[in-house]
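Single-structure report; data block below.
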Amino acid sequence: MKRFFILISALIIIFLIILACFSVYQIQSQNRLLNTQQSLQLLKDKTFNLIINIDKNADEVMGAIKQKDYSLAKRAMLNIYNEISNYKSLVKIDYMVKGCIRCHGEKDPNIINLKNSFINLTELALVLHNELTLYLSSPENLVKVLHYKSELRNRHAEIHELLQNMHTHINEEIFRNNQIYNKLGLGITIFLILIIFFLVLIFYKKIIKDIDALMRLSENLFDQQKPLEINPKTFKNKEIRDFVELLSKAMRNLYEKEKQLQEQMEEISSMNDELQASNQQMEMLTFELEEARENLENIVKEKTKELQRAYKELQELDNLKSNFLHSISHEFKTPLTPLFGYLKLFKNKDLGELTPLQEQSIDIMLTCAEKLYNTIEDIILLARLDVEKEKYILKEIDLSYLLKNTLTRIEKELSEKRIILIQDIPNIPIVILGEQLMLIQTFLHILRNSIKFTPEKGTIRVILNQEEKNAVVRIIDTGTGLPEKIVNEINEYLASQSI
């Protein structure tokens, strides 16, 4: 049965491929005919326009010569020449005739006559143009001009007749192609009807009888208390016979599964009573859990209130700490301001001359006062790291410029200890996000600490590098350095979340 269907399918596919190829060929032929028809119509229109324009301009030339308006005559002559040139460029005889050859044949007399007529027409138009040129200087040439005008009309009539004959021939070809299409469609319809009839006949003999028997079998399939005995050999079709064998096995398995399912249903029924008892216990547990949840919610609410009170107290303490720092800053810095003022007056000798011992004492006092001021600034800075950690507004800062500007503020301290400062800072901007005042205070604190612990005539090196997306500042001195334990403690403090 499968081989038969494969054979029928192969024959139908081959037939459809042949039909498709033939249809493509016919469509291409039809398109060629239509293109040729359009080309002939174009030739007819262009030729008609040429003759009309030449007649019109020739009459204008003769009229202008009679009126002795030679400029008008020359313009009309130029128009005739342009019309002939445009006609020769627009109507390409060899190209137009190619389409006609596909329908008439290259040696068809109509094709040869058409080609020669177009060539003669253009030559005759040029001769008429030349005669009109001679007519400008010799009015006696009027007879020749009229003669060539008449010849030009006659040639146009011949071309029109040839084109009309070829147009009629193309219409006949299109009509014949349409008849072929109609006959082909009728033949395909008859062929398909015969194939369908033949297939229906085979289906009825081979399959439909078996399907009817299978339908009758299905009516009594689920009415039996025992599995239905089915004889697959009563079916002629192999596929249906195999299906019936599988169906028979499935019915036997279904009957066995049904028995097992009935036994399981009985077990489930007995388990249902146990589940009902368990359900009552679950309800009791749910009630107890609900009470426990309510107790926990009350406890959480109380703890939340306590935390809110504690948070409020911490905020108040934080505000007290901030106010205390501002007060300390004011109380410590206020006495230092007049002290710096008077010491600088003494140093600048605004209050009188000083002995060398007094000048040395004043310098020592200024240095100690500046150290005290810097120490106060450092203490306040560290305290603010905790208090004002969320109050800083980050802005774009040129770190190169900031470092160079900061280093100018420690030049005096460097010169006092004769320490050499090496700056390895690029001249290009390195922009970061930060708080400018805090960065300056941080760098001053580190640099002054380095000056403090670097011996006289020592070296301090400041390096700024751009490493990938980070800006790295290194301050290296020749001092004794800090023990590793203290360094780790400082790093842990600075890395903590409270800073």
For LYS305 paired with LEU351, estimate the spin-label separation in nm (one decimal), with each label point 7 Å from Cα along the Cα-to-Cβ line.
6.4
Give me the number: length gained by fully extending ASN165 to ILE6, i.e. 0.36 nm times residue separation minus the C-alpha to C-alpha distance, one decimal in nm.
52.0 nm
Rounded FRET efficiency, nearest 0.05, which uses the C-beta distance separating ASN120 from SER150 and R0 of 22 Å:
0.95
Treat the range 138-202 as a sphere of radius equal to its Kirkwood radius over Cα pairs and apply Stokes-Einstein at 4 °C in a medium of 1.567 mPa s; give the translational diffusion coefficient in µm²/s, rounded to a whole number.
76
Listed highest first by mean packing, meaning other Cβ atoms within 10 Å per residue, what order do 174-180, 482-488 come in?
174-180, 482-488
Mind pulling up the Rg/Rh value for the range 392-499? Radius of gyration and Kirkwood radius, both on Cα.
0.97
So the FRET efficiency between LEU34 and LEU72, C-beta based with R0 = 60 Å and rounded to 0.05, is 0.85
Neighbour-count order for MET438, MET166, fewest beta carbons within 10 angstrom listed first
MET438, MET166
Packing-based ranking, highest mean first, of 441-451, 272-282 given that Cβ atoms within 10 Å are counted
441-451, 272-282
What is the Cα centroid distance between the range 392-412 and the range 420-451, reported in whole angstrom?
5
Which entries in LYS404/LYS457; LYS371/LYS469; LYS321/LYS349 show an alpha-carbon gap greater than 31 Å?
LYS371/LYS469; LYS321/LYS349
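Here, each number is a calculation from the coordinates, and none is a lab measurement. Owing to the predicted nature of the structure, the values given are computational and were not obtained by experimental measurement. Cβ sites come from the backbone with ideal geometry, for glycine too, and all protein chains shown count toward neighbours.
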